[in-house]
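One structure below.
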Amino acid sequence: MPHEQFQPDRTYDHVYLLFIDTAGYSSIVLANPRDRAAHAFDLLRDRIAARVGQLASGHRCARAELWSWRGDGGFFAVHDESESVARDVVLEAARAILTLDLRHLRDEFARAGVAGGLHLRIAVHKGTIRHAGPGGTGAIHSPDINLAAHLEKAVPRDCVAVSEDVHRTAGGYAPLFEEVGEHEGKRVFLMADDDRPGAARRAWLAARGLAGGSTVHTCPERPSSTEKARMLDAAAIEVLDMGTALRAASRRLVTTERPAHYRDAVLGFLRRGGRYRCYLLDPVSEAAATLARQYQEDMSRKIKDSLERLGRFKERYRGEADGLEVYQTGSFPGFSALAIDMREPDGLILYSSYLLGTSRYGVMERGDMPHYLISPAAGRVYRRISALAEARVAEGGAQRVL
């Protein structure tokens, strides 16, 4: 790399920042002996540093330094009195790392017996920095470094993202990037390791979702009783269990199979003084009759069977089960939900929408539908689902039956 270094107590304008991070670093570390994983990531660092150094020398760029490397990635600062020189070094390096070096590194990882796939996230931003201490990267002050670091975390794997500041002066490199969205108030442009039209936009949408969306945890079907028990073990005040018949939950409470993780978790919660509220349909309601016709099943019988099982559970555990309350409503909820401490700042809701109707594949079983785990961090999604759950309790003519 060029020998000229960034000097302390000096401000530099138009510094190009190249951030690189390994997506899936921990999986590679866990899948390999420590020395093999360390050698692999040393190779990654050296290969990327060599690429940046080669281009910096070729363009006679004044300054190009690796300022930080933390095992799975790091960042370079590149600067020249001619901004276009620094720009060319960084954008050529980013493209070469993505389209050439990454593929060669994967081959070398495979030859070295490194288990796991290698994927990179690359981000480029530019701005002003001040180096306030001799030789120490910890003494660098710049909000642009923070923005670049945050942008790198948002990049889909095997893509290069540049901020609008970089794209504005990208010149002949600009057509390599597609505008995909915004991050921290700045437009983002993306290049994917895929030359199909729209590939970058698809990668961004898959990783970031739509504007105004929220991140949720999704299960392909109803979680196991063991996983639901984990939720109950985390409950402190109240559990809301809401559905049409609550067949699965009621069966788990009276099962003779061992281990009975779900029942043990319910009892543990009740013994801690918790309140467990169950809401199911009134078996003689119009909603139950409609569902019976829709699903071609005896919904009334299924609800009554669940009520009988819930009654057996309360009878068996008597005082320990006083916190279990069972209600019937005449309204169809449209979704099932298991919520813990829903009104608290750290509440959780596991919910699934009911899919009505049939298809050539037959009736969709409710347990086969995707289930979503959300927290208040999901924003409007959490507020809306919790409001719908509360509405069923308040407006559904709820009547306590146990």
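At-a-glance table
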{"quantity": "Values of log10 I(q)/I(0), in the order q = 0.13, 0.15 Å⁻¹, for the chain under a Debye, Cα-only, solvent-free model", "calculated": "-1.00, -1.19"}
{"quantity": "Accessible area of the chain divided out per residue, in Å², using a probe of 1.4 angstrom", "calculated": "49 Å²"}
{"quantity": "Projected label distance in nm at ARG10 and GLN294, using a 7 Å step from Cα toward the beta-carbon", "calculated": "7.1 nm"}
{"quantity": "Approximate spin-label separation GLU325-LYS153, in nm, with each point projected 7 Å along Cα-to-Cβ", "calculated": "4.1 nm"}
{"quantity": "Local electrostatic count at PHE6 - Lys and Arg +1, Asp and Glu -1, tallied over other residues with Cβ under 15 Å", "calculated": "-3"}
{"quantity": "Accessible area (Å², 1.4 Å probe, nearest 10) - GLU221", "calculated": "100 Å²"}
{"quantity": "Long-range HN-HN contacts of GLU221 with modeled amide H, under 5 Å", "calculated": "HIS371"}
{"quantity": "Within the chain: Cβ-based charge dipole about Cα centre, in debye rounded to nearest 20 (Lys, Arg +1; Asp, Glu -1)", "calculated": "1460 debye"}
{"quantity": "Of HIS217, ALA245, ALA170, farthest towards positive along the dipole that unit charges on Lys, Arg, Asp, Glu beta carbons give the chain", "calculated": "ALA245"}
{"quantity": "Carbon and sulfur %, accessible surface of the stretch 62-186 computed with the full protein complex present, 1.4 Å", "calculated": "49 percent"}
{"quantity": "Selection from LEU43, ASN146, GLY274 lying farthest towards where the dipole of the chain points positive, charges on Cβ", "calculated": "GLY274"}
{"quantity": "Total lysine pairs whose alpha carbons fall under 26 Å of each other in the chain (8 or more apart, or interchain)", "calculated": "8"}
{"quantity": "The stretch 136-246 - percent relative contact order, Cα under 8 Å, separation 6 or more", "calculated": "20 percent"}
{"quantity": "Separation of the LEU30 and GLU308 label points, Cα + 7 Å toward Cβ, nm", "calculated": "4.5 nm"}
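The values are calculated or read from the model by the stated rules, or taken from the named source; none is laboratory data. A quick note: this is a predicted structure, and the numbers were derived from the prediction, not measured. Quick reminder, even Gly has a Cβ in these numbers, built from the backbone with ideal geometry, and neighbours come from all protein chains shown. Surface accessibility is based on the protein's heavy atoms, side chains included, excluding ligands, DNA and RNA. Shrake-Rupley method; radii C 1.70, N 1.55, O 1.52, S 1.80 Å.
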